[in-house]
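> Handing you a structure now.
The values are calculated or read from the model by the stated rules, or taken from the named source; none is laboratory data. These numbers come from a predicted model, not from an experiment. With ideal geometry, Cβ positions are generated from the backbone for all residues, glycine too; neighbour counts draw on all protein chains shown. Heavy atoms of the whole protein, side chains included, go into the accessibility calculation; ligands, DNA and RNA do not. Shrake-Rupley method; radii C 1.70, N 1.55, O 1.52, S 1.80 Å.
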Amino acid sequence: MATTLLAFFFLFILYFFIQIQPKKPTTANNLPPGSFGWPVLGETLDFQRSRKDGGANKFIRGRIDRYDSPLVFKTSLLGERMAVFCGPEGNKFLFANENKLVVSWWPKAIRSLFGKCLNTSRGYEAKWLRKIMLPYVGPDALSNRYDIVMDVVTRVHIQNQWEGRSEVTVFDTVKPYLFELACLLFISLDDPTHVAKLGSLFNTFLTGIGSLPIDIPGTRFYYGKKATNAIKKQLIMLINQRKQQNASSFEDLLSHDTSAVSITLLMKSLGEHPDVYKNVLKEQMGILEGKAPGEALNWEDIQKMRYSWNVVCEVLRLNPPVIGAFREALVDFEYAGYTIPKGWKIMWSAAMTHKEEDNYPNVTKFDPSRFEGTGPTPFAYVPFGGGPRMCLGKELARMQILVFLHNIVTKFSWDLLIPDEKIEYDPFATPVKGLPIRLHPHKV
Ligand code: HEM
């Protein structure tokens, strides 16, 4: 038994070493300041700790200060030599140079879990996939097909899951509802048992995203990969049954989590800021009163929710659900006076950019008025990324969040049962207890 365990341990260490051994040192001598950290591990552990606790902001800010280098520093993460580009200048540079100097890149765990899809594609293939997906998630689909369905499904959800209850845990309630909605919109699936089974597979898949790519039984990655295969099998079966042409269903369904997180964080902020809640309620009641009794929300109504959208933007500024993304250098290039060698990976961070006093005076204050007029300076607000790889589901997410917000604030106010509930990234920003609240229905 002891020998087996020892052999297993040895294999594990060997595998780990091979998977995350940093690449050979580069010959370029004008690299950005920074440290590659420990052999093999680099600075991954410090990064993972900080990522969970506030979206890696501490990790990035700490190094900017240590090396007195506000634009870029080097590190080694997930077995890769990496440059971290900081702030609006870095975001602008990366978004403007996609397919020229840099190209989209994701860590191995994400690449193997996602398999071949838009997120993991590059260059011409990515452009082509975006074109195929757009009819399912773009403004045409939203204004002509999804708006009324979304409102009707949301009303039924609130009737079944919120009305008559005094306490609700927001994330746990909103997440299955958005998954059901995505199943209905993208694969016309409305059988509750089937939806629940697929939803549970997606949850297992998501827990694998932030893990190390160690494919042995017992790891989050192993179960994540098994779940991915099962999901893809089921989706192919469903798509064949319905003879649908939706090539993007995997990403469309996956995306429900970022919207669920955003709604949860929005409800948290409204619970913390009664004055903002009051202004949102006023705007939403104005829209409700302009409609016939029972008439569904449509695309035009969504466009009127300007204050409410500013509130959502401020929520996504303070806690961007996705902390940022990665690129790979296609050639050696210069940035901020330093050489970034070909093959190096580059990280940009929404979490860091959004928390800079230079970009947002009084940075920790919740202030939706930052988004009035022309809003923040260009490339200082990037919860959806930017450039040719900007989030394809931004408009869909906007509609999901605003339709839910309309239906919930016109029926309830609420108190947070855990004041200052901590937010952790795993992999998306979520209150640790799922945001339990006490509901107060409006008196009619
Ligand atoms: C509030 C909710 C959401 C946030 C904060 C968000 C954020 C992001 C971010 C940061 C990226 C990476 C951009 C980059 O690499 O530069 C991304 C990519 C993407 N998102 Fe979203 N997203 C959200 C909702 C959605 C929804 C609802 C969909 C539904 C289809 C979606 C589909 C995608 C796709 C397909 C990509 C890959 C685009 C590409 O690589 O070309 N997202 N998203």
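> Pairs under 9 Å by beta carbon, first residue in contact (Cβ under 8 Å) with a residue 60 or more places away in the chain and under 18 Å from Leu265 (Cα atoms) in the range 377-406, partner aromatic (Phe, Trp, Tyr) and open to solvent by 20 Å² or more (accessible area, probe 1.4 Å), six or more apart or different chains?
Listed by first residue and then by second, the contacts come to Tyr381/Phe371; Leu396/Tyr136; Ala397/Phe384; Arg398/Trp309; Met399/Trp299; Ile401/Trp309; Leu402/Trp309.
> Taking Phe85 as the residue in question, decide whether it is under 28 Å from the mean Cα position of the chain (by Cα), surrounded by 12 or more Cβ atoms within 10 Å (Cβ to Cβ) and modelled with pLDDT of 95 or more.
Yes; evaluated as a whole, the condition is true for this residue.
> I've got another one for you. Kindly establish whether Lys365 is touching a residue at least 24 places away in the same chain (Cβ under 8 Å) and on the phi < 0 side of the Ramachandran plot. Before you say what the answer is, go through the steps one by one.
Working: touching a residue at least 24 places away in the same chain (Cβ under 8 Å): no; on the phi < 0 side of the Ramachandran plot: yes.
It is false that Lys365 is touching a residue at least 24 places away in the same chain (Cβ under 8 Å) and on the phi < 0 side of the Ramachandran plot.
> Okay, moving on. Which of the residues that make up the range 402-426 are under 26 Å from Cys86 (Cα atoms) and away from the ligand (no atom under 16 Å from the Cβ)? Before the answer, list the steps.
Here is the first cut: in the range 402-426, the ones under 26 Å from Cys86 (Cα atoms) are 422-426.
Hits for the range 402-426 are Lys422, Glu424.
> If we keep just the residues of the range 322-356 that are of a type in the set (Val, Ile, Thr) and within 23 Å of the chain's Cα centre (by Cα), which is nearest to Asn97 (Cα to Cα)? Spell out how you get there, then give the answer.
Initially, the range 322-356 is screened for residues of a type in the set (Val, Ile, Thr), giving 322-323, 331, 339-340, 346, 353.
With within 23 Å of the chain's Cα centre (by Cα) added as a condition, the list becomes 322-323, 346, 353.
On the way: Val322: 21, Ile323: 20, Ile346: 12, Thr353: 19 Å.
Applying the filter and picking the extreme gives Ile346.
> Does Met285 meet the test of being open to solvent by 40 Å² or more (accessible area, probe 1.4 Å), at pLDDT 95 or above, under 30 Å from Leu185 (Cβ atoms) and in a helix (DSSP H, G or I)? Break it down stepwise before answering.
Numbers: open to solvent by 40 Å² or more (accessible area, probe 1.4 Å): yes; at pLDDT 95 or above: yes; under 30 Å from Leu185 (Cβ atoms): yes; in a helix (DSSP H, G or I): yes.
Considered against the rule, which asks whether it is open to solvent by 40 Å² or more (accessible area, probe 1.4 Å), at pLDDT 95 or above, under 30 Å from Leu185 (Cβ atoms) and in a helix (DSSP H, G or I), Met285 comes out as yes.
> Please return the ranges of helices (runs of 4 or more DSSP H) entirely within the range 148-263 where 3 or more residues are more than 16 Å from the ligand (Cβ to nearest atom) and of a type in the set (D, E, K, R).
Once the helices (runs of 4 or more DSSP H) in the range 148-263 are filtered for at least 3 residues that are more than 16 Å from the ligand (Cβ to nearest atom) and of a type in the set (D, E, K, R), what remains is 220-242.
> Looking at Lys233, Lys243 in this structure, which one is open to solvent by 10 Å² or more (accessible area, probe 1.4 Å), farther than 20 Å from Gly199 by Cα and at pLDDT below 90?
Details: Lys233 fails: farther than 20 Å from Gly199 by Cα.
Criteria check complete, one pass: Lys243.
> Okay, moving on. Taking into account only those residues within the range 104-138 that are small (Gly, Ala, Ser) and open to solvent by 20 Å² or more (accessible area, probe 1.4 Å), which is farthest from Lys232 (Cα to Cα)? Let's see the steps before the verdict.
Residues of the range 104-138 small (Gly, Ala, Ser): 104, 109, 112, 115, 121, 123, 126, 138.
Then keep just the ones that are open to solvent by 20 Å² or more (accessible area, probe 1.4 Å); that gives 112, 115, 123.
Details: Ser112: 13, Gly115: 10, Gly123: 24 Å.
Out of the qualifying residues, it is Gly123.
> Let me ask you something else. Among the residues of the range 250-265, is there at least one that is within 28 Å of Leu439 (Cα to Cα) and charged (D, E, K, R)?
There is at least one residue in the range 250-265 that is within 28 Å of Leu439 (Cα to Cα) and charged (D, E, K, R).
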